[in-house]
Amino acid sequence: MTGPSLDEIIAAKAEVQADLIETPVLPLTAARWDGVLPQCAGVTVKLELFQQTGAFKARGALLGIRRLTADQRAAGVVAASGGNHALGVSWAARAAGVDALITMPKATDPARIAGCEALGATVTLHDDMAAAFAAMNAAAESGRSLMHPFEAEHMVLGAATCGYEYARQVPQIQTYVIPIGGGGMISGMACAIKQMNPDARVIGVEPFGADSMSQSFVAGEPVRIEKVTTIADSLGAPLAMPLTYGVARAHVDRIVKIDDREMLAAMDIYQNLLRITAEPACAASLAAIVGPLKDDLAGQHVGIIACGSNISLTRYAELMSAL
């Protein structure tokens, strides 16, 4: 499985470009970044947190909703998510006049729950993400169309439109550093990037406490981890799955791991230097290049992504109090 072709990616971008945002890119060249970034040719960040619903997930969700049949639209959709995907599906479903059921863990940031409900979705809360997934699957068996948060062709394709945009906006990037949750974002972005520039490197970033893709790369097949332990709930997938694993394996050069404290430190950098209130996943790429990759990027023009910022000020303050 190598993912969508470049023609398919370009067609998908044309299909949704009127309703999505071609998110801006920002070179991190101001003097205030001196001593923070690695010694490399330059760093650019794609500000995908300015996408519809505040995260890249809106891309794939919109494609998925638009491709439903009339009968599927009438039956409604269901998605399990702790936040960004839930908001993306709620937004896309409302725009299409489709009923959306969102199953979420009880520990979900209340601001994300309220955001889904404000978009007209019905939210049910469950003990943990595993229970939310079980409820999603049960609703799908009862007739709703399942909008999986990552293991779906439309989610990979949506992320690929982001990679295609980025490679066109900053063609001089040589190394891209991209967060990994379930693998939908990195598989799609890497697929597009490698077709645009086969010489580019794509490096994935996972939390130590949610490293299902790293373990899958080692095992040579998708694996499930026993427990997810990370503050980055958007990166907390408990398993890799065949589609996204296969596409990622075909295009991703390596994966590095970061700990929660490194993400908190990167969140602090974004707040202090760009006034961005980043959720942990949003700061993962930056955490990697100022952490485990700092000595590996000499001479490279590096591209990172700020993938989402759906976090309440209350939750943000709680997290940063541990720094």
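The values are calculated or read from the model by the stated rules, or taken from the named source; none is laboratory data. In this text, all values refer to a predicted model and were calculated from it rather than measured experimentally. Ideal geometry is used to build each Cβ from the backbone, glycine not excepted, and the neighbour counts take in all protein chains shown.
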- Note on the structure: Flagged in the stretch 241-278 as under 14 Å from the mean Cα position of the chain (by Cα) and either small (Gly, Ala, Ser) or modelled with pLDDT under 95 (or both), in numbering order, are Ala248, Ala278
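Looking for whichever is closer than 30 Å to Glu141 by Cα, at pLDDT 95 or above and not in a helix (DSSP H, G or I) here; the options are Val89, Val45, Val78. Which one fits?
Numbers: Val89 fails: not in a helix (DSSP H, G or I); Val45 fails: closer than 30 Å to Glu141 by Cα.
Just one listed residue meets the conditions, Val78.
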- Scan the stretch 296-322 and report the pairs whose first residue is over 19 Å from Thr108 (Cα atoms) and whose second residue is among the small types (Gly, Ala, Ser) and in a helix (DSSP H, G or I), with Cβ atoms within less than 6 Å and a gap of 6+ or a chain change. Ile304/Ser285; Ile305/Ser285
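Going by the structure shown, is Ile193 touching a helix residue (DSSP H, G or I) at 6+ places or on another chain (Cβ under 9 Å) and farther than 23 Å from Met129 by Cβ? Step through it out loud before you land on a result.
Numbers: touching a helix residue (DSSP H, G or I) at 6+ places or on another chain (Cβ under 9 Å): yes; farther than 23 Å from Met129 by Cβ: yes.
Yes; evaluated as a whole, the condition is true for this residue.
Name the one entry in Ala248, Ala219, Ala210, Ala237 that is among the aliphatic types (A, V, I, L, M) and farther than 23 Å from Glu153 by Cα. Steps first, answer last, please.
Numbers: Ala248 fails: farther than 23 Å from Glu153 by Cα; Ala210 fails: farther than 23 Å from Glu153 by Cα; Ala237 fails: farther than 23 Å from Glu153 by Cα.
From the options Ala248, Ala219, Ala210, Ala237, the qualifying one is Ala219.
Consider Ser285 carefully, then state whether it is out of contact with any Ser or Thr (no Cβ under 9 Å at 6 or more places or on another chain), touching a residue at least 12 places away in the same chain (Cβ under 8 Å) and either farther than 22 Å from Leu49 by Cβ or not β-branched (Val, Ile, Thr) (or both).
For Ser285, the condition - out of contact with any Ser or Thr (no Cβ under 9 Å at 6 or more places or on another chain), touching a residue at least 12 places away in the same chain (Cβ under 8 Å) and either farther than 22 Å from Leu49 by Cβ or not β-branched (Val, Ile, Thr) (or both) - is met.
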- Right, Ala130: within 28 Å of Pro242 (Cβ to Cβ), assigned to a helix (DSSP H, G or I) and free of Cβ contacts under 8 Å to residues at least 12 places away in the same chain or not? no
- From Ala152, Ala160, Ala190, residue being under 21 Å from Asp253 (Cβ atoms), aliphatic (A, V, I, L, M), out of contact with any Pro (no Cβ under 7 Å at 6 or more places or on another chain) and surrounded by 20 or more Cβ atoms within 10 Å (Cβ to Cβ): Ala190
